[in-house]
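Undergrad: Dumping the structure here so I can ask a few things about it.
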Amino acid sequence: MNIVIDEKYGKFGYDLELKAMFHHWKGFLLLDEVKHVAETTNPMMKELGLVNVIADHNEMELFSDEVSAYIAETWIPAQEEAGVKNIFVVLSQEAFAKFAAEEMHEHAKEKAKIDIRHFGSMEDAIEAARQYNANNK
């Protein structure tokens with residue numbers, strides 16, 4: 001994976017073989033941090049022709065309603081405009097963070113036609129990206 005951002009709030013990079021941008025979130029998400037990742041990675045996804053986002057929430061904590069609204073109403077629709085077709089999410093095992101992410105993704109589905117799916121492991125999320133790529137050459 002080619003790392004683009006490596007900060008206390010997460011590690012973000014891309015894999016050309018998987019046509020995927022990876023988001024590994026850590027801790028409590030602040031709006032400025034989320035915006036920085038969005039503004040950095042969205043142009044790269046479009047330029048590189050990435051169609052998948054694989055988001056690892058295992059080390060993520062809760063996020064504010066403001067962050068949730070930004071992701072659902074602004075970032076995910078912008079990812080769709082950049083050419084993203086799928087977001088494969090490895091959900092946190094922490095109940096409140098898991099519920100918040102599921103709720104946010106349901107809201108995002110009203111704003112964008114990106115397929116958002118949830119997984120219990122990184123391996124399953126990566127396999128789903130591989131399957132999508134194989135079926136959509």
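Read the figures in this text as sums done on the coordinates, not as results from a lab. Fair warning: this is a prediction, and the values are worked out from it, not measured in the lab. Positions of Cβ are backbone-derived with ideal geometry, glycine not excepted, and every protein chain shown enters the neighbour counts.
Undergrad: Return the loop-located GluC sites (Glu not before Pro) in the range 73-137 (DSSP other than H, G, I, E, B) with at most 12 other Cβ atoms within 10 Å of their own Cβ; answer none if there are none.
TA: The qualifying sites are Glu110.
Undergrad: Further question: Place a label point 7 angstrom from the Cα of Leu62 along the Cα-to-Cβ direction, then list the residues of the range 1-27 whose backbone nitrogen is under 16 Å away.
TA: Flagged as within label range: 27.
Undergrad: Another question, if that's okay. Can you tally the net charge around Lys111? Count Lys and Arg as +1, Asp and Glu as -1, for every other residue whose Cβ sits under 13 Å from the Cβ of Lys111.
TA: -3
Undergrad: Which shape class, rounded, prolate or oblate, goes with the range 95-137 when its Cα gyration tensor gives a ≥ b ≥ c as root eigenvalues, a/c under 1.5 marks rounded, and past that a/b bigger than b/c marks prolate?
TA: Oblate is the answer for the range 95-137, as a/c is 1.5 or above yet b/c matches or exceeds a/b.
Undergrad: Then there's this: Rounded, prolate or oblate: which one fits the range 16-64, using the alpha carbon gyration tensor with axes a ≥ b ≥ c (rounded when a/c is under 1.5, else prolate when a/b beats b/c, else oblate)?
TA: Since a/c reaches 1.5 but b/c is at least a/b, the shape of the range 16-64 is classed as oblate.
Undergrad: May I ask which of Lys19/Lys85; Lys46/Lys113; Lys11/Lys137; Lys19/Lys109 have a Cα-Cα span longer than 19 Å here?
TA: Lys11/Lys137; Lys19/Lys109, as the Cα separations exceed 19 Å there.
Undergrad: Within 10 Å of each residue's Cβ, count the other Cβ atoms and sort Val53, Val37 from fewest upward.
TA: Ordered by Cβ neighbours within 10 Å, fewest first: Val37, Val53.
Undergrad: Place a point 7 Å from Cα of Met1 in the direction of its Cβ. Which residues in the range 84-123 have their backbone N less than 12 Å from it?
TA: 90, 122-123
Undergrad: Angle, helix 31-48 long axis vs. longest principal axis of the chain, Cα atoms, 0 to 90°, nearest 10?
TA: For 31-48 against the chain, the angle is about 10 degrees.
Undergrad: Restricting to DSSP H runs of at least four residues, report the calculated mean residue ellipticity at 222 nm for the chain, -39500 (n - 2.57) per run over all residues, nearest 500 deg cm²/dmol.
TA: Mean residue ellipticity, 222 nm, calculated: -13500 deg cm²/dmol.
Undergrad: Classify the range 42-86 from the C-alpha gyration tensor, please: rounded if a/c falls under 1.5, else prolate or oblate depending on whether a/b exceeds b/c.
TA: oblate
Undergrad: Okay, next question. Taking just the C-alpha trace of the range 2-123, give me its Rg and Dmax in Å.
TA: Calculated on Cα positions, Rg and Dmax stand at 12.8, 36 Å.
Undergrad: Modelling each spin label as a point 7 Å along the Cα-to-Cβ direction, I'd like the Asp32/Asn133 distance in nm, to one decimal.
TA: Computed distance between label sites Asp32 and Asn133 equals 3.6 nm.
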